[in-house]
Amino acid sequence: DREAVLAIACEQGTRTSHAAILAHSIGIPAVVGLRDVLDRVTTGEMVVLDGWSGTLQVEPQPADIEKAQRSDARRRALERDLALAVDQPAVTRDGRTLVLRANLDLPEELDQAVRHRAEGIGLLRTEFLVVGRGKMPTEDEQVRLYARIGTAFAGQDVVIRTFDLGGDKFPAGFRTTAEGNPFLGWRAIRVCLDRPEVFRPQVRAILRAAAHAQLKLMIPLVTTVEEVEATRAIVAEEAAALRTAGIEAAESVPVGVMVETPAAVLVADRLAEVADFLSVGTNDLVQYTLAVDRGNARLADRFTPHHPAILRALAQVRAAADAAGKEVSVCGGMASDPVSAFLLLGLGYRTLSVAAPSLPLIRWLVRRVDAGEAAACATALCAARTAAAVTARARAALGRAVDLKLIEPDA
């Protein structure tokens, strides 16, 4: 019951773990990775939870409460400014236009994405159709969902990520063997290609819904060109089968790659040759590039998208897409974070897919910064030695355009 939940505090996880992403997407303040919080907080105690700074204070003093109230007042003032920016174009001070799409984790978020003037959906996570259920969704059930979202964004792209099963995301009753390292194991496109009875109904559903909507199909955790080619073959086969059966469907749909592994970065030029578009999933890209478990609270301070290796990877992917004349975007957590979004702008990304609650903030931010200044900053930071240096210099550059206290309460 969301009406009864004001906030969430968890002992495990990081800000890019799946539970934290879901909480953010539905607008519930959450702080994760609070070690021993269940032993340190008892029922009836007053707490102050700050989802922005990632802190939880138990039995706060009057001064702590006053500080939290001042921070909340600043945030509410910013929200009034954000409300005015919702209907304004995402254009930088020097005239660079960005496309801001929304990430969707649940169908209930659709209305918020529409209200916040998302320019399509850059990432529709379809695992909600699977996780917590006893069986896979039917093809018709999927058609109805995809068509509903496509109708809400008529004339705009809706990018549907195929089932990212595996790791911690399998339906109840799905038969598989235990793996020592499931996040490096049988998951995502590997599961889909190995289990056509799971994958092909989803492909058919997307084709059917695309008869009256601008849908795209995106495959996760790609590491090889062959995975893209196999997916394209399945799309072509299912489109032909639908035509033969006389079922209304699109002739085809664009097939894109979610770039979230070092392998995909290194062969981005080859992937761009066989894919219709690329989209960087920064959460897993950081996890796999830095060898840091995104859900491990003990490693939370090591999980940073500002590592110079990540900036270089992002620059390489963008260059590969540009050389091939293919669209490239970012759909991971970086796009929803103000400082990271400033860096993405500087790296040349012009399409960002953002958590729906963060759309007004990122639009407001874009309208206050200079793309040329962002580019100079990001280019220089690709040569930085440390993530701390990247963060500090990016914040300083962004701080010349906006008041950091508005977007970072403890700034």
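The values are calculated or read from the model by the stated rules, or taken from the named source; none is laboratory data. Bear in mind the structure is a predicted one, so any value in this text is a computation, not a measurement. Cβ coordinates were reconstructed from backbone atoms using ideal geometry, including for glycine residues, and neighbour counts include every protein chain displayed.
Here Asp111, Asp105, Asp157 are screened, and the one residue that is of a type in the set (D, E, K, R) and exposed (fewer than 15 other Cβ atoms within 10 Å of the Cβ) is Asp111. Listed by first and then second residue, the pairs with beta-carbon distance under 7 Å, at least 6 apart or on different chains, first residue in segment 367-395 and on the phi < 0 side of the Ramachandran plot, second part of a helix (DSSP H, G or I) and modelled with pLDDT under 95, are Arg367/Ala85; Arg395/Leu404. For segment 323-340, the condition of being of a type in the set (A, V, I, L, M, F, W, C), touching a strand residue (DSSP E or B) at 6+ places or on another chain (Cβ under 9 Å), crowded, with 24+ Cβ neighbours inside 10 Å and in a helix (DSSP H, G or I) holds for at least one residue. Restricting attention to segment 237-266, the residues that are without any contact (Cβ under 8 Å) to a residue 60 or more places away in the chain and within 22 Å of the chain's Cα centre (by Cα) total 11. Within segment 227-246, one or more residues are over 23 Å from Gly120 (Cα atoms), in a loop (DSSP other than H, G, I, E, B), assigned by TED's automatic domain parsing to the domain that holds Asp194 and of a type in the set (Gly, Ala, Ser). Only one of (1) closer than 10 Å to Val222 by Cβ; (2) part of a helix (DSSP H, G or I) is not met by Asn283, so which one is it? Just one mismatch for Asn283, condition (1). Considering every residue within segment 152-167, establish whether at least one is assigned to a helix (DSSP H, G or I), modelled with pLDDT of 80 or more and either among the basic types (Lys, Arg) or more than 21 Å from Ala241 (Cβ to Cβ) (or both). Checked segment 152-167: at least one residue is assigned to a helix (DSSP H, G or I), modelled with pLDDT of 80 or more and either among the basic types (Lys, Arg) or more than 21 Å from Ala241 (Cβ to Cβ) (or both). Only one entry in Gln88, Gln61, Gln69, Gln57 is touching a Lys or Arg at 6+ places or on another chain (Cβ under 8 Å) and not β-branched (Val, Ile, Thr), namely Gln88.
For segment 82-102, the tally of residues that are of a type in the set (D, E, K, R), in contact (Cβ under 8 Å) with a residue 40 or more places away in the chain and loosely packed, with under 13 Cβ neighbours inside 10 Å stands at 1. Where residues in segment 346-391 are assigned to a helix (DSSP H, G or I) and of a type in the set (Val, Ile, Thr), which of them is farthest from Gly325 (Cα to Cα)? Out of the qualifying residues, it is Thr391.
Looking only at residues in segment 121-151 that are touching a strand residue (DSSP E or B) at 6+ places or on another chain (Cβ under 8 Å), assigned to a helix (DSSP H, G or I) and at pLDDT 95 or above, the one that is surrounded by the fewest Cβ atoms within 10 Å (Cβ to Cβ) is Ile149. The residues listed here are Arg187, Arg200; of these, the one that is in contact with a Leu (Cβ under 9 Å, 6 or more places away or on another chain) and either more than 29 Å from Ala356 (Cα to Cα) or basic (Lys, Arg) (or both) is Arg187.
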